[in-house]
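Below: one structure, written as structure tokens.
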Ligand SMILES: Cc1cc2nc3c(=O)[nH]c(=O)nc-3n(C[C@H](O)[C@H](O)[C@H](O)COP(=O)(O)OP(=O)(O)OC[C@H]3O[C@@H](n4cnc5c(N)ncnc54)[C@H](O)[C@@H]3O)c2cc1C
Ligand SMILES: Nc1ncnc2c1ncn2[C@@H]1O[C@H](COP(=O)(O)O)[C@@H](O)[C@H]1O
């Protein structure tokens, strides 16, 4: 099984984020992490490789900072790192990111592609599905269980749906997006970390994969501004006698929430 | 034309279908464009009755292979359907179906794709949409400059008013073969009576402070007294007390109920990411400094095992009195 895993860099989910004065960008001083959903994708790829052989290729696309997240994946057992790094990728929308990924991936033989269900930055969940569409391969999104049948060149996957789950079957090659619960993550080993340090990243830019800026499709939207969510919370914290607190809470349910 | 893709839940339209129509109306109105609803699958006639006055046109796209959702099946049929039609916006519910379909369809129709939209507004003839970023810590406003597939967050839009006129019902026969589906559904596992937390009006959520799986009984009781469902923090899910399907937060679900009661949940940013858009929030925590209180309309400081039985008692008293009235 040759598996490709697509990785995205996102702001640390616990970070405090502030908006620049111009209201258009974030102040840049926050830590970045590998998208949490992509960790499940790397883990699943390594498990499949351990079972059936093959190799795991990690790919990330972006203007900067990709090295660190690739190294993390190699430290846990991935084989190849590909980084499409280009300043033109700054602020590119998901559909066009998928176009870049599809251009790179169509030069690599693969049996399956794993993406995270969504990036925790904008929770979009667009790149995986768009990539499957561009490559014209089956897509199963938000999988919580994945069972590969290499002989039959098939996969069975379980994905959560409203009010339950569904089990589906598809031929390989296919693209799966990974949900929490798919597997338990392992920690990188010391030898893995050493190996990751030594291994060279295959660095590409848009030109080298044959994409000119006018290759991108129009993004039909433009950022107008960023703001903080309006909270309007009453913020009343009660203390002391439980009975009294509960009475106030019930009055709140009756008079404001109006559900009693 | 503004298009809305409908979704069913059991024998009814899913609530988010009405919400999507609401979002569609907000766009259709200012531009004096029509609003059309698409329903895929067989036997939608009865279901369409409830929305006849909510859309200008209702297309019933029929084929037995459309009775359950498949990404490539829907894509193929919609691609064919839209061949000779103009799209200003196609609104899709942000559900397990819509989240799967939106990117596939955007690519095949050559449209931009915006997901997780929580607000729509027309300003000076330009459509502005809003979406939460970074677990809701920031809100982004985007101006739409062309056609797009827009998937909306459940419970973010209101159902539109019924219009005077009855919408036109149009039947379309779809062409589809088994091979087109690519991904074949083999079985559906229904959890008995499991309703979806993203669609609930009231959620009673428990965290590590609940102490164990048994502790959730009292939360279930409160939820049922309020006609709601229970949910959980990752703390409670990772401890194995609840299933991941009920997890609220950055790696769980984003919920927007009318009322969210957080019990024994500290209020980590990744949890807040999933419940910030709730209309009202009550927090019950024994630690007066718990960050969850900063996200609450009302905080109760105390042991949840003392507080919740008291709340249930009061609610039952009130409900009892109401029921006792003629
Ligand atoms: C990448 C990433 C993704 C994450 N995604 C999510 C997510 O999707 N959802 C999520 O919830 N978390 C998520 N987390 C975890 C998050 O950071 C917190 O660890 C988690 O939310 C804590 O759960 P908790 O509040 O239940 O537990 P704790 O933080 O342990 O809080 C327990 C609270 O219960 C109170 N308490 C204890 N006993 C009682 C009692 N008897 N009565 C009243 N109060 C009591 C305590 O005072 C405390 O405030 C994520 C973390 C990371 C790094
Ligand atoms: N810039 C990128 N480079 C590589 N993979 C990406 C990139 N952006 C998104 N992905 C993949 O697509 C998934 C969904 O991301 P998104 O559509 O941005 O929510 C991520 O979890 C990654 O697996």
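Things worth noting here:
- Within segment B:138-183, the set of residues being within 9 Å of chain A (Cβ to nearest Cβ), in a loop (DSSP other than H, G, I, E, B) and either modelled with pLDDT under 95 or in contact with a helix residue (DSSP H, G or I) (Cβ under 6 Å, 6 or more places away or on another chain) (or both) comprises B:145, B:146, B:147, B:182.
- Restricting A:55, A:35 to residues that are modelled with pLDDT of 95 or more and within 9 Å of ligand 2 (Cβ to nearest atom) narrows the list to A:35.
- Pairs linking a residue in segment B:291-309 that is more than 15 Å from residue A:244 (Cα to Cα) to a residue that is more than 9 Å from ligand 1 (Cβ to nearest atom) and in a loop (DSSP other than H, G, I, E, B), with Cβ atoms under 6 Å and 6 or more positions apart or on different chains, are B:297/A:233; B:297/A:234.
- Filter result for residue A:201 (at pLDDT 95 or above and not assigned by TED's automatic domain parsing to the domain that holds residue A:64): no
- Any hit, segment A:36-52, residues being in a loop (DSSP other than H, G, I, E, B), assigned by TED's automatic domain parsing to the domain that holds residue A:89 and surrounded by 13 or more Cβ atoms within 10 Å (Cβ to Cβ): no
- When segment A:113-142 is filtered for residues that are more than 13 Å from ligand 2 (Cβ to nearest atom) and closer than 13 Å to residue A:178 by Cβ, only A:140 remains.
- Test: residue in segment A:15-29 that is within 14 Å of ligand 2 (Cβ to nearest atom) and in the same structural domain as residue A:193 (by TED's automatic domain parsing): no
- For segment A:197-249, the strands (runs of 3 or more DSSP E) that sit wholly inside it and include 3 or more residues that are within 14 Å of another protein chain (Cβ to nearest Cβ) and in contact with a strand residue (DSSP E or B) (Cβ under 7 Å, 6 or more places away or on another chain) are A:221-227, A:236-238.
- Top-ranked residue of segment B:296-326 - restricted to ones that are at the interface with another protein chain (Cβ under 7 Å from one of its Cβ atoms) and crowded, with 23+ Cβ neighbours inside 10 Å, ranked as farthest from the chain's Cα centre (by Cα): B:307
- Residue within segment A:153-166 that is surrounded by fewer than 18 Cβ atoms within 10 Å (Cβ to Cβ), at negative phi and in contact with a helix residue (DSSP H, G or I) (Cβ under 6 Å, 6 or more places away or on another chain) present: no
- For residue B:189: the one exception among (1) more than 7 Å from every other protein chain (Cβ to nearest Cβ); (2) surrounded by fewer than 15 Cβ atoms within 10 Å (Cβ to Cβ): (1)
- The set of residues from segment A:99-108 being closer than 17 Å to residue A:57 by Cβ and in a helix (DSSP H, G or I) comprises A:100, A:101, A:102, A:103, A:104, A:105.
- Among (1) within 8 Å of chain B (Cβ to nearest Cβ); (2) within 16 Å of ligand 1 (Cβ to nearest atom) - the single one residue A:116 does not satisfy: (1)
- Tally of residues being at the interface with another protein chain (Cβ under 7 Å from one of its Cβ atoms) and either within 16 Å of ligand 1 (Cβ to nearest atom) or touching a helix residue (DSSP H, G or I) at 6+ places or on another chain (Cβ under 8 Å) (or both) across segment B:112-131: 4
The values are calculated or read from the model by the stated rules, or taken from the named source; none is laboratory data. What you are looking at is a predicted structure, and each value in this text was computed from that prediction instead of being measured. Methodologically, a virtual Cβ is constructed for each residue, glycine included, from the backbone with ideal geometry; neighbour enumeration extends over all protein chains shown.
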